């Protein structure tokens with residue numbers, strides 16, 4: 001499905017999606033998983049945010065982001081993990097953000113993380129993360145970029 005979207009899937013693959021509901025559903029689904037790992041999940045999800053998009057791809061992107069956040073949310077050393085899931089609309093754009101207090105993506109790898117099939121993990125090392133949402137950089141009107149070192153990448157769309 002991602003390959004079809006990257007190739008310019010027919011517009012029929014896109015429909016009006018209640019992004020607020022998708023983001024809230026995935027956050028709710030991963031709440032107990034995070035809790036089992038001693039991680040607190042907070043949400044700041046604007047209601048009624050809609051986007052012409054593919055619901056399944058947005059759902060998959062959220063699952064990937066939250067799985068990675070749960071995997072890496074614990075800070076190095078002592079302390080508890082914390083994940084924030086946010087959604088807002090700003091100046092005609094939709095911003096989905098998943099942030100955690102884990103070690104983050106090393107600055108030198110932030111551009112590489114958007115390349116196809118890149119894995120930042122190395123055997124025996126827990127630093128770095130795989131970001132499977134690079135598809136968003138290829139879809140019409142979508143942008144994606146790793147943000148601050150302790151934040152999972154953001155994706156936004158018009």
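The values are calculated or read from the model by the stated rules, or taken from the named source; none is laboratory data. Keep in mind that this is a model prediction, so the values were computed, not measured. When we count neighbours, we look across all protein chains shown, and the Cβ atoms used for this are built from the backbone with ideal geometry, even at glycine.
Which residues, counting only those in the stretch 70-82, are in contact with a strand residue (DSSP E or B) (Cβ under 9 Å, 6 or more places away or on another chain) and either assigned to a loop (DSSP other than H, G, I, E, B) or under 13 Å from residue 23 (Cβ atoms) (or both)?
Filtering the stretch 70-82 for residues in contact with a strand residue (DSSP E or B) (Cβ under 9 Å, 6 or more places away or on another chain) gives 70, 72-75, 80-82.
The answer is 73, 74, 75, 80.
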**Prompt:** Out of the stretch 23-51, which residues are within 27 Å of residue 13 (Cα to Cα), surrounded by fewer than 19 Cβ atoms within 10 Å (Cβ to Cβ) and in contact with a strand residue (DSSP E or B) (Cβ under 6 Å, 6 or more places away or on another chain)?
**Reply:** 24, 45, 46, 50
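Going by the structure shown, is residue 125 under 13 Å from the mean Cα position of the chain (by Cα), part of a loop (DSSP other than H, G, I, E, B) and modelled with pLDDT under 80?
Details: under 13 Å from the mean Cα position of the chain (by Cα): no; part of a loop (DSSP other than H, G, I, E, B): yes; modelled with pLDDT under 80: yes.
Taking the combined requirement at face value, the residue does not satisfy it.
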**Message:** Take the conditions assigned to a helix (DSSP H, G or I), under 17 Å from the mean Cα position of the chain (by Cα) and either in contact (Cβ under 8 Å) with a residue 12 or more places away in the chain or under 17 Å from residue 93 (Cα atoms) (or both) and apply them to residue 27. Does it pass?
**Reply:** yes
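If I filter the stretch 52-67 down to residues being touching a strand residue (DSSP E or B) at 6+ places or on another chain (Cβ under 8 Å) and under 16 Å from residue 31 (Cβ atoms), which single residue comes out as surrounded by the most Cβ atoms within 10 Å (Cβ to Cβ)? So that I can check it myself, show each step before the final result.
Within the stretch 52-67, the subset touching a strand residue (DSSP E or B) at 6+ places or on another chain (Cβ under 8 Å) is 52-55, 58, 61-62, 65-66.
Those still in the list that are under 16 Å from residue 31 (Cβ atoms) too: 62, 65-66.
Details: 62: 25, 65: 28, 66: 25.
That would be 65.
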**Item:** Where residue 61 falls short, out of the listed (1) within 14 Å of residue 19 (Cα to Cα); (2) touching a helix residue (DSSP H, G or I) at 6+ places or on another chain (Cβ under 8 Å); (3) without any contact (Cβ under 8 Å) to a residue 60 or more places away in the chain; (4) assigned to a helix (DSSP H, G or I)
**Value:** (3)
